[in-house]
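Take a look at the structure set out below.
What follows draws every value from the coordinates through simple rules; no lab data is involved. Just so it is clear, the structure is predicted and the values come from calculations on it, not from any experiment. Note that each Cβ is placed from the backbone with ideal geometry, even for glycine, and that neighbours are counted across all protein chains shown.
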Amino acid sequence: MMAQKIKKPLTLCVTSGKGGVGKTSFTINFAIALSRNDSRVLVIDGDMGLANVDVLLRLSVKRDFRDILENGTDPRQALIYARPNLAVLPGSSGVPELVTLGAGQQERLGSLIKMISTDFDYVIIDTAAGIGASVLWYNQFADHNIFLLSPDPTSMTDAYALIKLLCRDYGIDHFNLVLNFVRGVREGKHTVETINRVTQRFLKLKLAHLGNIPEDTAVRRAVLDQVPFVEQTPGSKAARAIHELAQRVHTLI
């Protein structure tokens, strides 16, 4: 089934409380799945200091966020088309001063993103992990968030800390969960119930559950090979789950 074209770009912020939950791999594969639904997709590597979207896609980067913010480079000149309907705006790696953006930089960055977003149906921002200034800003800037977490207790604890901060200090009251590395339906259900129980008790907030991505050896193999698993093993459990999520994202519109 082909995706219904949307009138204005839908901006999604993919984030997590901690690293190691497969956030960048999810972002890339999710973006490819969306692009196959006859949609134009832009991936923004929002990890301002440790960008790696380009690494997982084997892209050769000539211009990145640093060129845009510091040198006034036209952001369209920094775009790399990784696939026919999929463009990437690379982040910067090893540039610690970009991790904490000032108010002026944030305003300029927002204007630049809005300018280039008009060419796309979806904009997916892959943020850094944690609760840094850029992570908080991207979550406020986007139309919707997608919180990626695993059943690991530390992942749930860190995700809750970020949700609490965004809810309490920035007034964000809707959060969409995607569980990664799930070993069976029971584990997925238990994880969602656990974090929802905490957010409802202390934040009066119920989280939306978009779906699960099962633990799959095809994912690790694809990451090591620097090939998206939806392309390398399209019939794998993880790839099928990603395509189901790509269809379900229309519920956010």
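Just Gly104, Gly184, Gly20 to compare: in a GNM of the chain, with alpha carbon springs under 10 Å, which one fluctuates most?
Among Gly104, Gly184, Gly20, the largest GNM mean-square fluctuation belongs to Gly104.
Normalise the Cα radius of gyration of the range 135-197 by 2.2 N^0.38 Å (N = residues in it) and let me know the number.
1.14
How would you rank His209, His190, going from fewest to most other Cβ atoms within 10 Å of each one's own Cβ?
His190, His209
Per the helix-only calculation at 222 nm, which mean residue ellipticity applies to the chain, given -39500 (n - 2.57) for every DSSP H run of n ≥ 4 and division by its residues, nearest 500 deg cm²/dmol?
Value at 222 nm, helices only: -13500 deg cm²/dmol.
Would you mind computing, in nm to one decimal, how far apart the modelled labels at Arg168 and Gln232 are, each placed 7 Å from Cα along Cα→Cβ?
Result: 4.0 nm between the two label points.
Can you tell me the Rg and Dmax of the range 50-173, counting just the alpha carbons, in angstroms?
15.2, 43
What number, in nm² with one decimal, is the all-direction average of the projected area of the convex hull of the alpha-carbon atoms of the range 113-253? Could you put the intermediate results ahead of the total?
Numbers: hull surface 37.6 nm².
Average projection, Cα convex hull of the range 113-253: 9.4 nm².
Checking the table Lys164/Lys189; Lys8/Lys164; Lys8/Lys204; Lys23/Lys114; Lys62/Lys114; Lys23/Lys206 against a 25 Å threshold on Cα-Cα, which pairs fail?
Values: Lys164/Lys189 21 Å; Lys8/Lys164 29 Å; Lys8/Lys204 31 Å; Lys23/Lys114 23 Å; Lys62/Lys114 22 Å; Lys23/Lys206 22 Å.
The answer is Lys8/Lys164; Lys8/Lys204.
Looking at the chain, do any whole DSSP H helices span at least 24 angstrom along their long axis by alpha carbon and average 0.5 or above on Kyte-Doolittle, and which?
Working: long enough: 153-170 (25 Å, 0.12); 185-203 (26 Å, -0.71).
None clear 24 Å together with a mean of 0.5.
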